[in-house]
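Here the structure is laid out as structure tokens; the discussion comes afterwards.
The values are calculated or read from the model by the stated rules, or taken from the named source; none is laboratory data. Because the structure is predicted, anything quoted here is derived from the model rather than measured. Quick reminder, even Gly has a Cβ in these numbers, built from the backbone with ideal geometry, and neighbours come from all protein chains shown. Each accessible area value is taken on the protein alone, full model and side chains, heavy atoms only, with ligands, DNA and RNA left out. Shrake-Rupley method; radii C 1.70, N 1.55, O 1.52, S 1.80 Å.
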Amino acid sequence: MTTLQGQTPPDLSGRNLSFRRAFANRAATTLIALCVLVAALPLALVAWEVVSKGASAWSLAWFIDEIPRNYRTEGPGMGPAILGTLTITGMAALLSIPIGVLGAVYLNEYGKNKPLARFIRTMADVMTGVPSIMMGLFIYVGYVIVIGDKTGFGGALALACLMLPIVIRSTEEMLRLVPDELRQASSGLGARKWRTTLGVVLPAASSGITSGSLLAVARAAGETAPIIVTVGLTYIYKPDLFDGQNTTLAAQIFRNASQPFAASQERAWGAALTLIAIVFVFTILSRIIAARFAIDKR
């Protein structure tokens, strides 16, 4: 149909449809932004509370001095706990991440729906829901009592048990996201399955694997119950994980926060801020390394 001037009238229905789509897109974007704000607001308030109360405890002596034995004693000193957190969590990561990644590779690339693969997935899901104190008691009965003393390595074993199911399940999900076309292209060039997995699949999923591993490390670094059960408590430097009792920032936060003294309360806030800073720094470093690794593989 044309007008008297021979021109086609504007398509009003198309304009209305375009307007409705634009309005729906803006409304959805605004709603998502509000949800993100609501979710981030409590986290921001907690972070502000920790920074405002814990920053006053920071100094050079805070990072290198030993921990005061008397909770009423004022002054800094959280060096042994910082070292213990790094060494115990690092050992737990060395134990759990390689095993978890290898387990996820088996589940996704080889096991598929075989009985053994289904059993491993079930056990990983069960371990994910086990309370941390139960993992601590398991290592206490199976390791601490056997050797006769609490050690940092016992804590590393407990944290590794907590980290392992998270690494397995997150890595498996990341491997599933790798397109099958990449595997088929590698196989078409004559590469064996293990070579394809090592040279194509794992690099393609490296960013997600890193994120899942850091999620497991962040959970392990903040655990308190298994550390108290298996590691004990000390106030001096213990770099050797097999040499008697040790300590971590999480254990010191629990010990100092439970005391009514102002000095111990300040140390608890300072230790909490230190723990957050350590996790934040390692998260940034892992992101940088994963991004650089992905660029190099291209």
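Details
- Within the stretch 163-173, tally of residues that are surrounded by fewer than 24 Cβ atoms within 10 Å (Cβ to Cβ) and of a type outside the set (Asp, Glu): 5
- Complete set of residues in the stretch 74-95 that are open to solvent by 60 Å² or more (accessible area, probe 1.4 Å), farther than 19 Å from residue 276 by Cβ and touching a residue at least 12 places away in the same chain (Cβ under 8 Å): 74
- Boolean, residue 213 is in contact (Cβ under 8 Å) with a residue 24 or more places away in the chain and within 30 Å of residue 183 (Cβ to Cβ): yes
- Residues that are farther than 25 Å from residue 142 by Cβ, polar (S, T, N, Q) and open to solvent by less than 10 Å² (accessible area, probe 1.4 Å), drawn from the stretch 214-269: 252, 256, 264
- When residues in the stretch 275-290 are screened for being free of Cβ contacts under 8 Å to residues at least 60 places away in the same chain and under 19 Å from residue 208 (Cβ atoms), 3 of them pass.
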